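The values are calculated or read from the model by the stated rules, or taken from the named source; none is laboratory data. Note that the structure is predicted; figures quoted are calculated from it, not measured. All Cβ positions, glycine included, derive from the backbone under ideal geometry; neighbour counts span all protein chains shown. All accessible areas refer to the heavy atoms of the entire protein, side chains included, with ligands and DNA or RNA removed. Shrake-Rupley method; radii C 1.70, N 1.55, O 1.52, S 1.80 Å.
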Amino acid sequence: MGRFHRHPDGTVHSHDHHHDHGHDHDHRDVGDHSGYATGVERVAVLEQILSENDRLADANRQLFAGHGVRTVNLMSSPGAGKTTLLKATLEALRAELRVGVLEGDIATSLDADVLRETGAAVSLVNTDAGFGGECHLDAVMVASGLGRLPLAELDLVVIENVGNLVCPAEFDVGQDVRAMVYAVTEGEEKPLKYPVMFRSADAVVVNKVDLLPYLDFDIDEFYDHLTAVNPRAKVFTLSARTGEGLAPWLDWLRGVASGVGPDL
Amino acid sequence: MHELSLCRAIADTAVAHANGRDIRRVRVRIGHLRQVVPGTLQHCWDMRVGGGPLDGCVLDIEHVPAVVSCVACAALTTLTVPVRQCARCGGNDVELLSGEEFLIESIDVAPAERTTNSDTERTT
């Protein structure tokens, strides 16, 4: 078993100490052997937990930039309406912007099939190929799906994340901007309960407003909570199903695609 | 449940810094504003570390409170809700001092298995 110790010249290392070779030194004179008490050495790391993911996300970002493609990471809880919004968006922008989709889902190609009907290039990444079915996309998974998108022919790539209000917010996938879809059916308090995603979003789409007459939903209370958690987010209030309020969201995406950034 | 992914990232980074030695303990600092459940992280860690250089390795999770400093009145507030607001004057113009940590601080590595060359020279 090796032992950690320090020599007078400052050398710090470990080694086995059951010498089977002849030598005549006095152990007490050779270095500081106080480390023998535990034999364990502490090594400073000081690295961000997701530093490897962040490095790969930067590589994705550079790949997108190299092709002149701008990217949106679209996040929400399951059922908030990401795919419905994306389908309406693809149909509305089809004539003017070349939009590709990287579709993240734990399983099935159901959403990807819906989006392909618009004629857009869609690359599906099923996360159940990983360890236990990932609840989010990370930079590696996004990189694995990029080869199936004709980046050189695209202006904008929307990365539709796995439906989940927690985990996707922690993982940089190499996007330029983050947008999240929130449905008014989810309740006013969600920004306070899931602050990480609400805070990470450059834009928040408040979806399903066509249902407001049927809900006990106080939209002003929701806006207060959203502002408390993230005062800088662009907010778009719309119904992806009816198309009501869609225009400002489309303008924002046009701005992102042309490179003016999230603060249009 | 991204804690399993986080454990994988922590394990990979720890092994990369261990220079081939077994790892006995990993210390991480996680801020209050991160949506990480310490119990879940611990549970995932215990599932992850069986066998190899991390066998039996302990994960020390240091929880870092979210503290803001008010620009207007300089009061310090430890946040209990995710709203960045001064508890004394109610101001929203605050500077975040801590709470977003997501850091692998250090590892404890076991003694190396073999005698190094320099040591052999020194002791013979």
Quiz prompt | Count of the range A:226-264 residues which are open to solvent by less than 40 Å² (accessible area, probe 1.4 Å) and either modelled with pLDDT of 95 or more or in contact with a Phe, Trp or Tyr (Cβ under 9 Å, 6 or more places away or on another chain) (or both) | solution = 19
Exercise. Pick out the one residue from A:V173, A:V209, A:V162 that is open to solvent by less than 10 Å² (accessible area, probe 1.4 Å) and touching a Ser or Thr at 6+ places or on another chain (Cβ under 8 Å).
Key: A:V162
Quiz item: Within the range A:209-221, can one find any residue that is over 14 Å from the mean Cα position of the chain (by Cα), within 14 Å of another protein chain (Cβ to nearest Cβ), of a type outside the set (D, E) and closer than 23 Å to A:A240 by Cα?
Solution: no
Quiz item: Which of the residues belonging to the range A:212-224 are crowded, with 16+ Cβ neighbours inside 10 Å and assigned to a helix (DSSP H, G or I)?
Solution: A:F222, A:Y223
Practice problem: Determine which member of the set B:G51, B:G91, B:G39 is at positive phi and either surrounded by fewer than 18 Cβ atoms within 10 Å (Cβ to Cβ) or touching a Phe, Trp or Tyr at 6+ places or on another chain (Cβ under 7 Å) (or both). | Solution: B:G51
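Pull up the range B:76-88, narrow it to residues that are in a strand (DSSP E or B) and open to solvent by 70 Å² or more (accessible area, probe 1.4 Å), then point me to the one that is farthest from the other protein chains (Cβ to nearest Cβ).
B:L76
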Quiz prompt | Selection from the range B:33-75 of residues that are in contact with a Pro (Cβ under 9 Å, 6 or more places away or on another chain) and part of a strand (DSSP E or B) | solution = B:I61, B:H63
Quiz item: Looking at the range A:83-137, which of its residues are within 14 Å of chain B (Cβ to nearest Cβ) and either farther than 24 Å from B:M47 by Cβ or not in a helix (DSSP H, G or I) (or both)?
Solution: A:G104, A:I106, A:G130, A:F131, A:G132, A:G133, A:E134, A:C135, A:H136, A:L137
Practice problem: Could you tell me whether B:I23 is modelled with pLDDT of 90 or more and more than 30 Å from B:V68 (Cα to Cα)? | Solution: yes
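Could you say whether any residue in the range A:228-241 is part of a helix (DSSP H, G or I), under 24 Å from A:V256 (Cα atoms), of a type outside the set (G, A, S) and touching a Lys or Arg at 6+ places or on another chain (Cβ under 9 Å)?
yes
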